[in-house]
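Accompanying notes for the structure given below.
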Amino acid sequence: MLLYQLTQWFEERSSLQEALQSGPAENTGELQQRMQEVEDQLYSHAERWKNAIQEASYLQFPYENPQLDDDMVL
């Protein structure tokens, strides 16, 4: 679900950029405001995702059985 939302926001951001570049000057303020909102949402979700990955990595146990590795065969 998160990836779907991110994809939707990236698509909206791209379409807003295109509209800003080719559209009339009267809608510029509204388009820039919406683009800032979309970018804020993207940043917020990216930070949440990054923090979740970091928290999950803290929960992993260190590898403690090197004697079981097959790489040590001589």
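Between ALA52 and GLN21, take the C-beta separation as r, use R0 = 25 Å, and let me know the FRET efficiency to the nearest 0.05. It comes to 0.10. Against the criterion of solvent-accessible heavy-atom surface with a 1.4 angstrom probe, GLU37, GLU26 sort, most first, into GLU26, GLU37. Using 0.36 nm per residue and subtracting the Cα-Cα separation, the extra length available between LEU42 and GLU11 on full extension is 10.0 nm.
The values are calculated or read from the model by the stated rules, or taken from the named source; none is laboratory data. All values reported here derive from a predicted model rather than from experimental measurement. As a convention, Cβ positions derive from the backbone with ideal geometry for all residues, glycine included, and neighbour counts pool all protein chains shown. Remember, those area values only see protein heavy atoms, side chains included, never the ligands or the DNA or RNA. Shrake-Rupley method; radii C 1.70, N 1.55, O 1.52, S 1.80 Å.
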